[in-house]
Amino acid sequence: MIKLLEGGAYLLNGQEIVADNGGALNEVKAKTGKDVSKEAAKQATIAYDILKEHNTSDNMDKLKIKFDKLTSHDITFVGIIQTARASGLEKFPIPYVLTNCHNSLCAVGGTINEDDHMFGLTCAKKYGGVYVPPHQAVIHQFAREMLAGGGRMILGSDSHTRYGALGTMAMGEGGPELVKQLLNQTYDINMPGVVGVYLTGEPIMGVGPQDVALAIIGAVFKNGYVKNKVMEFVGPGVANLSADFRIGIDVMTTETTCLSSIWKTDKEIEEFYEIHGRKEDYKELNPGEVAYYDGMIVVDLSKVRPMIAMPFHPSNTYTIEDVNANLGDVLAEVEKAALVSLDGAVPYSLQDKVRNGKFYVDQGIIAGCAGGGFENICAAADILKGQYIGADEFTLSVYPASTPIYMELIKNGCAATLMETGAILKTAFCGPCFGAGDTPANNAFSVRHSTRNFPNREGSKLQSGQISSVALMDARSIAATAANKGMLTPATDFDGNLGKYKYNFDSKIYANRVFDSKGVADPSVEIKFGPNIKDWPAMTELPENLLLRVVSEIHDPVTTTDELIPSGETSSYRSNPLGLAEFTLSRKDPKYVGLAKDIQVAQKAVMEGKCPLEAKPELKEIMAVVNAQFPEAGEGNMGFGSTIFAVKPGDGSAREQAASCQKVLGGWANIANEYATKRYRSNLINWGMLPLLIKEGEIPFANLDYIFFPGIRKAVEEKDSVIKAYAVKEGSLVEFEMTLGELTNEERQIILDGCLINYNRV
């Protein structure tokens, strides 16, 4: 079903693959009659053309990208605008859309969420943006309907910013990268590799976009095949997929850890734009006659079967048939993984879900940017028509991704069909994807057509002894499961017909409800600040020397941003940096906050002109050991704070708070063997934190140890290839080495200045 080429490949006329080997170019010439160099063929990808058009530097190896549009939701836009305001923002220089689809529910945290919404509305008026009120659309569906365009680039502060199926190269990054765009700065990256995704065949009935996406994720996540690269979808199979189907695959490319995605476009996509009243935004995109890809994923769509991603990651994939056929083995593997993911904090077993040899789930959800599409919900309605979900534990909730989709489902009868089954239709909301909606009962098992199934993403809290878990499935198989009262069932078992429903987009709801400044700023507007909207605290520049205490040590293979800063119940505090910081690592390491604050008192003393050793007496002994070898380290040239070690941190969300919360608690660095995503590493840098790398197995320190970094400022300034550090061990210093990886000059200066805000104030 999925094949990965070991090396690169040439694609001829968008149809034929020639594997890159010793005679590949000769074979290309024989088939095309043309002499083509690999370098020229690399420039024939769709991705290269779009990046070139948006690159403001004269070097295609070192890109400085200016995006066409920006978009954020209400977990991130307050912090972004607050950062930009502190840096001198006067107006939004490009279209900036503020959606309200994450903190839509205002019952948690008092008026906090609605205060954020009013902040967003007044900022859209003051700075010239677009404001989409709660329940109108999830961020990515609004972008598809109203923002995407052929050949464009969009930057969003949500990791699932992916509109490649519509011919738009979109990227999800942490908030500071949007701040840079708002300040007319650039997105600086090396030219990424481009991996082709060559589609053949046609999906069989019952297979949906989530099935294809999960099959791809399962094949490429663990081996890093597409990490920080662009996935370019090509091949004859593309023509066999509807626009909605392509969108459903595309949005999940984030879970491969790729940088972005782009697809060839055709009449199907042209019709999408025409339906949405924006035919002029369509652009036909195809690779050149001979295009070179740094890798090739070959997908035979006809061989894909209904998939399930078992807890606790989208890459933990099986076919549903395999799960049902090998229940004992699969459940044992999941329970073994739970010991790592949950740190043994609560008992976890799925054995009670097996009844008479069949696996039963407790909840089904079809929602958000991945599941809430028109075709997904129509297919679910067809599968469930005439069925009932029953009056027992099983529940089914359906969240259309936008009000226009909801309106059409009402008009074509699919909404009524679903409601008759006992399913509940709800408004456009991202909550089920990050633990803020439809939280299951303790020990319940939920199947969801959403984007992630990380630990606690369904809303359970280990601190309270609660645990439930999520598996990812396509809407079609969720409907088939619901028709069987929760018995896990692939949609290929459905023997009825799936209709083809024509979609009619009604733009009136947006025209009547969405505030659009048309890019005109009104400086006279006064921003509305709720009492929970706080400014960023003062942050100091990188000192000459650093003494850091390790306050958390995580040896899981991958650490998600959800584990660094939980989603769900903490989201109401996103606009309060210090309030939110209280939740840092709370699910993974509850001792972190107290330990970080304990050493932060020394840095606060420095900032107040007081003696750090008096504020933190324990440091007297530590500094005595340091001064024995480095007598010059001391008053006026020392900084104090914390760091964490994690094997591979940063998988998942683009939320900058995964880094900024550490920073406001006195964090100066992360130490890792590898960073899971570019966006997390960028968040560290933009908050003035050192993204240190240490070789696997070479860890001469442990949790609660102190690490001294002599001349760290000079090392960053002079671009030292090696960062020397010393672990304070039993009255002596143990020297070891780390690196910072590649940094641009701008990134180095941001670290030196202490954070992006300081960088822009200098």
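The values are calculated or read from the model by the stated rules, or taken from the named source; none is laboratory data. Since the model is a prediction, treat every value here as computed from it, not as a measurement. Using ideal geometry, Cβ is built from the backbone for each residue, glycine included, and neighbour counts are taken over all protein chains shown.
Numbers for the structure displayed
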quantity	calculated
Candidate set: region 494-520, residues that are in contact with a helix residue (DSSP H, G or I) (Cβ under 6 Å, 6 or more places away or on another chain) and over 30 Å from Leu121 (Cβ atoms); chosen: the one surrounded by the fewest Cβ atoms within 10 Å (Cβ to Cβ)	Gly499
Matching residues in region 374-401 - criterion: being part of a loop (DSSP other than H, G, I, E, B) and surrounded by 21 or more Cβ atoms within 10 Å (Cβ to Cβ)	Ile389, Tyr399, Pro400, Ala401
Any hit, region 661-682, residues being of a type in the set (Phe, Trp, Tyr) and outside any loop (DSSP other than H, G, I, E, B)	yes
Residue within region 697-710 that is at pLDDT below 95, of a type in the set (Gly, Ala, Ser) and over 32 Å from the mean Cα position of the chain (by Cα) present	no
Which listed residue, of Lys303, Lys336, is modelled with pLDDT under 95 and among the charged types (D, E, K, R)	Lys336
Residues of region 54-83 that turn out to be touching a Lys or Arg at 6+ places or on another chain (Cβ under 9 Å), of a type in the set (A, V, I, L, M) and farther than 19 Å from Lys42 by Cα, as a count	2
Count of region 570-604 residues which are outside any helix (DSSP H, G or I) and among the hydroxyl-bearing types (Ser, Thr, Tyr)	3
Number of the condition not met by Asp598 [criteria: (1) under 27 Å from Phe312 (Cα atoms); (2) touching a residue at least 12 places away in the same chain (Cβ under 8 Å)]	(1)
Any hit, region 85-100, residues being over 18 Å from Phe429 (Cα atoms), among the basic types (Lys, Arg) and in contact with a Gly (Cβ under 8 Å, 6 or more places away or on another chain)	yes
Residue that is crowded, with 17+ Cβ neighbours inside 10 Å, within 25 Å of Pro631 (Cα to Cα) and either among the aromatic types (Phe, Trp, Tyr) or not assigned by TED's automatic domain parsing to the domain that holds Glu177 (or both), where the choices are Val722, Val734, Val716	Val716
Residue in region 752-762 that is farthest from the chain's Cα centre (by Cα), counting only those that are surrounded by 14 or more Cβ atoms within 10 Å (Cβ to Cβ) and not in a helix (DSSP H, G or I)	Gly754
Pairs with Cβ under 7 Å, 6+ apart, first in region 405-417 and within 16 Å of Gly371 (Cβ to Cβ) and at pLDDT 95 or above, second surrounded by fewer than 20 Cβ atoms within 10 Å (Cβ to Cβ) and among the hydrophobic types (A, V, I, L, M, F, W, C)	Ala415/Leu425
Among the residues listed as Ala633, Ala605, Ala628, Ala624, the single one being closer than 20 Å to Leu665 by Cα and assigned by TED's automatic domain parsing to the domain that holds Trp668	Ala605
Index of the failed condition, Ser721 passing every other in (1) over 27 Å from Glu632 (Cβ atoms); (2) modelled with pLDDT under 95	(1)
Failed item, numbered, when Glu735 is tested on (1) under 20 Å from Pro566 (Cα atoms); (2) without any contact (Cβ under 8 Å) to a residue 24 or more places away in the chain	(1)
Which numbered condition Gly156 fails, given (1) under 21 Å from Thr186 (Cβ atoms); (2) surrounded by fewer than 24 Cβ atoms within 10 Å (Cβ to Cβ)	(2)
Lone qualifier among Gly201, Gly224 - being surrounded by fewer than 21 Cβ atoms within 10 Å (Cβ to Cβ), at positive phi, touching a strand residue (DSSP E or B) at 6+ places or on another chain (Cβ under 8 Å) and outside the structural domain of Glu90 (by TED's automatic domain parsing)	Gly201
Some residue of region 684-694 being closer than 22 Å to Phe221 by Cβ, crowded, with 23+ Cβ neighbours inside 10 Å and in contact (Cβ under 8 Å) with a residue 40 or more places away in the chain	yes
Condition met for Ser464 (in contact with an Asp or Glu (Cβ under 6 Å, 6 or more places away or on another chain), small (Gly, Ala, Ser) and more than 23 Å from Val212 (Cα to Cα))	no
Qualifying residue in region 331-354 (condition: closer than 30 Å to Arg246 by Cα, buried (at least 16 other Cβ atoms within 10 Å of the Cβ) and in contact with a helix residue (DSSP H, G or I) (Cβ under 8 Å, 6 or more places away or on another chain))	no
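Conditions tested, residue by residue: (1) under 21 Å from Leu733 (Cβ atoms); (2) basic (Lys, Arg).
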| site | (1), (2) |
| --- | --- |
| Glu608 | no, no |
| Ala615 | no, no |
| Ala628 | yes, no |
| Glu635 | yes, no |
| Ser642 | yes, no |
| Lys648 | no, yes |
| Ser653 | no, no |
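Residue-by-condition table, conditions (1) surrounded by fewer than 24 Cβ atoms within 10 Å (Cβ to Cβ); (2) part of a loop (DSSP other than H, G, I, E, B); (3) of a type in the set (A, V, I, L, M, F, W, C); (4) assigned by TED's automatic domain parsing to the domain that holds Ser261:
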site: Leu51; (1), (2), (3), (4): yes, no, yes, yes
site: Leu70; (1), (2), (3), (4): no, no, yes, no
site: Leu89; (1), (2), (3), (4): yes, yes, yes, no
site: Leu98; (1), (2), (3), (4): no, no, yes, no
site: His102; (1), (2), (3), (4): no, yes, no, no
site: Met118; (1), (2), (3), (4): yes, no, yes, no
site: Lys125; (1), (2), (3), (4): yes, no, no, no
